[in-house]
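Have a look at the structure below, then the notes.
The values are calculated or read from the model by the stated rules, or taken from the named source; none is laboratory data. This structure is a prediction, so every number in the text was calculated from the model and none was measured. No Cβ is skipped: glycine too gets one built from the backbone with ideal geometry, and neighbour counts run over all protein chains shown. To get the accessible areas, we keep the full protein, side chains included, count just its heavy atoms, and leave off ligands, DNA and RNA. Shrake-Rupley method; radii C 1.70, N 1.55, O 1.52, S 1.80 Å.
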Amino acid sequence: MKLLFLSAACLGLGLSFTPSLNSAPLGQGSGSKTPTYAKDVAPVLHKRCANCHRPGEVAPFSLLTYADAKRWAPMIAAVVKEGSMPPWKAEPGHGDFVNPRILAPAEKAAILDWAKNGAPSGDLTKAPKPPKFADGWKLGEPDVVLEVPQTFDLYGEGPDILRNFVIPTSLGKDYMVGAVEFRPGNPKIVHHALVFLDNKGEARKLDERDPGPGYSSFGGPGFFPSGSLGGWAPGGQPEWLPDGVGRYFANNSDVVVQVHYHPSGKPEKDRSKIGIYFVRKPATKFVGGIALENWDIQIPAGERGYHRSASYTLPLGATFLSITPHMHLLGKEMKVRAILPDGSKKSLAWIKNWDFDWQDTLIYKQPIELPAGTRLEMEAWFDNSSDNPLNPHSPPKKVTYGEESTDEMALCIFEITTNKIEELLYLIQDDSRHRKVVERAIEAYQKKKIGG
Ligand code: HEC
């Protein structure tokens, strides 16, 4: 569905580029006016695209050689021009995040100019060799390697699914985790993954009730996690937490891996691994999660600009490490900002063009300190019209809050830390930000159940 949509856009945009892009500064020395593959384009494709566009990876074709690039040139130009590739949904200037998948203006201009001029090869003997990608763990040998207990079989054709796998652990004592690396068993079908902790055995029960390895869910993992070990998306790099900060991993917790699968066209198998790295320096600050959420969602059929918001005033100061905006298939846009006690505003993230398939946990390059009295604000917009190509209903139907693919959510999760653990616990347990909306949502939920 999505591929078709992009391809159609591609035909329309095909080869009409604005002339102003001709004068792109390429810094390539004398005489070279038209960018060539060998000199200008290969380095960009290798650096920005090949991590996904190579054999066995998530993208449907490789972009490693001149033949690949030449064959796909018009479509490459179209997706680069419209900004859909490389996939990266956070607007520049709204939060400074680690490993952004974006093209520098000169790289973008080089690709467009090259494609417009017939995708010339240049001197291929001087073209850079396709990059080598390390097979091993990116952060070195982990302290603990966990593997999903059984291989999962995914059908070749059908809708995307979220499958949760429960891995029991027994580390002998509690640990502080400094970094986590997720390794998909089969990168062709693993679209993203989230890793949770469960110290109450709730996920095991869900697993028992669902035949086959793991259990299905849609939005969340189906239980309230006791902690998080972060997330992974294709092209992502594992990151160490700042010194002195760790994720608390209680002894005997179950690790619950939620994998978003995207069928490849052929039946496939997957069994993912997780590498756990304990903190290298003593850590006394814990990572915890707080959220802004609005449960009162009732989107009339056909409505294009349905809007929801949520806000919360921090009763204590905290350090913000990452942000994870979350909506489902009707989500269009999310804006998150902080209003500081002095009235100044700070944008925390802006997803201008939400896409359920490309949701990331965005990690701030520099953790953001927000003082007590800061008001966090989230705004979300939804499109429940038939113009939304991801709309699960045709014709559109009324959509309400829930965790199924056909329900919606307006949620933004923050990973935070504080100087003292008591402060973190206070913030995590303080549900004043939710209370009013919760009551309304429970009402709405009960009505739905009774069939009202
Ligand atoms: C993070 C992984 C990732 C990166 C990085 C990436 N792609 Fe893709 N690309 C994909 C996937 C997956 C698809 C399949 C469609 C989809 O799921 O959006 C795709 C599809 C495409 C398509 C086909 C679009 C269509 O309509 O079918 C083109 C062209 C493309 N990518 C070009 C690029 C170029 C050029 C770059 C680098 C500048 C790039 N991609 C970087 C993952 C990636």
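A Cβ distance below 8 Å, combined with a sequence gap of six or more or placement on separate chains, defines the contacts here; from region 357-375, residues that are closer than 30 Å to Phe218 by Cβ and aromatic (Phe, Trp, Tyr) reach residues that are away from the ligand (no atom under 16 Å from the Cβ) and in a strand (DSSP E or B) in the pairs Tyr364/Phe320; Tyr364/Leu321; Tyr364/Ser322; Tyr364/Ile323. Under the condition of being surrounded by fewer than 17 Cβ atoms within 10 Å (Cβ to Cβ) and at pLDDT below 95, the residues counted in region 393-402 number 2.
Consider Ser7 carefully, then state whether it is modelled with pLDDT under 90 and more than 14 Å from the ligand (Cβ to nearest atom).
Taking the combined requirement at face value, the residue does not satisfy it.
If you scan region 95-108, which residues turn out to be open to solvent by less than 50 Å² (accessible area, probe 1.4 Å), in a helix (DSSP H, G or I) and either more than 30 Å from Leu348 (Cβ to Cβ) or within 9 Å of the ligand (Cβ to nearest atom) (or both)? Steps first, answer last, please.
Step one: of region 95-108, the residues open to solvent by less than 50 Å² (accessible area, probe 1.4 Å) are 95, 97-98, 100-101, 103-104, 106-107.
From what's left, in a helix (DSSP H, G or I): 106-107.
Glu107, the sole residue that qualifies.
Just one of the numbered conditions (1) under 24 Å from the mean Cα position of the chain (by Cα); (2) over 30 Å from Arg183 (Cβ atoms); (3) open to solvent by less than 20 Å² (accessible area, probe 1.4 Å) is not true of Ile323: (2).
Of all the listed residues (Tyr306, Tyr312), the sole one being more than 20 Å from the chain's Cα centre (by Cα) and modelled with pLDDT under 95 is Tyr312. Taking region 147-179, which residues are open to solvent by less than 20 Å² (accessible area, probe 1.4 Å) and within 21 Å of Pro238 (Cα to Cα)? Matches in region 147-179: Val148, Asn164, Phe165, Ile167, Val177, Gly178, Ala179.
Leu206 meets the conditions (1) at pLDDT 90 or above; (2) in a loop (DSSP other than H, G, I, E, B); (3) of a type outside the set (D, E, K, R) in every case but one. The failed one is (2). Within region 34-57, being under 18 Å from Ala77 (Cβ atoms), away from the ligand (no atom under 13 Å from the Cβ) and open to solvent by 20 Å² or more (accessible area, probe 1.4 Å) holds for Thr34, Thr36, Lys39. Only one of the listed residues (Pro130, Pro92, Pro86, Pro60) is within 25 Å of the chain's Cα centre (by Cα) and away from the ligand (no atom under 13 Å from the Cβ). That residue is Pro92. Scanning region 65-77 for residues that are more than 7 Å from the ligand (Cβ to nearest atom) and either among the acidic types (Asp, Glu) or buried (at least 19 other Cβ atoms within 10 Å of the Cβ) (or both) yields a total of 5. The sole residue among Phe182, Phe249 that is open to solvent by less than 30 Å² (accessible area, probe 1.4 Å), under 26 Å from Pro55 (Cβ atoms) and touching a residue at least 60 places away in the same chain (Cβ under 8 Å) is Phe182.
Can you pull out the residues in region 252-271 that are open to solvent by 10 Å² or more (accessible area, probe 1.4 Å) and either of a type in the set (D, E, K, R) or within 20 Å of the chain's Cα centre (by Cα) (or both)?
Matches in region 252-271: His262, Pro263, Ser264, Lys266, Glu268, Lys269, Arg271.
Residues considered: Pro221, Pro211. Of these, the only one that is away from the ligand (no atom under 16 Å from the Cβ), assigned to a loop (DSSP other than H, G, I, E, B), out of contact with any Leu (no Cβ under 6 Å at 6 or more places or on another chain) and touching a residue at least 40 places away in the same chain (Cβ under 8 Å) is Pro221.
Against the definition (under 14 Å from Ala291 (Cα atoms) and not basic (Lys, Arg)), how does Thr406 come out, yes or no?
Details: under 14 Å from Ala291 (Cα atoms): no; not basic (Lys, Arg): yes.
No: the conditions fail for Thr406.
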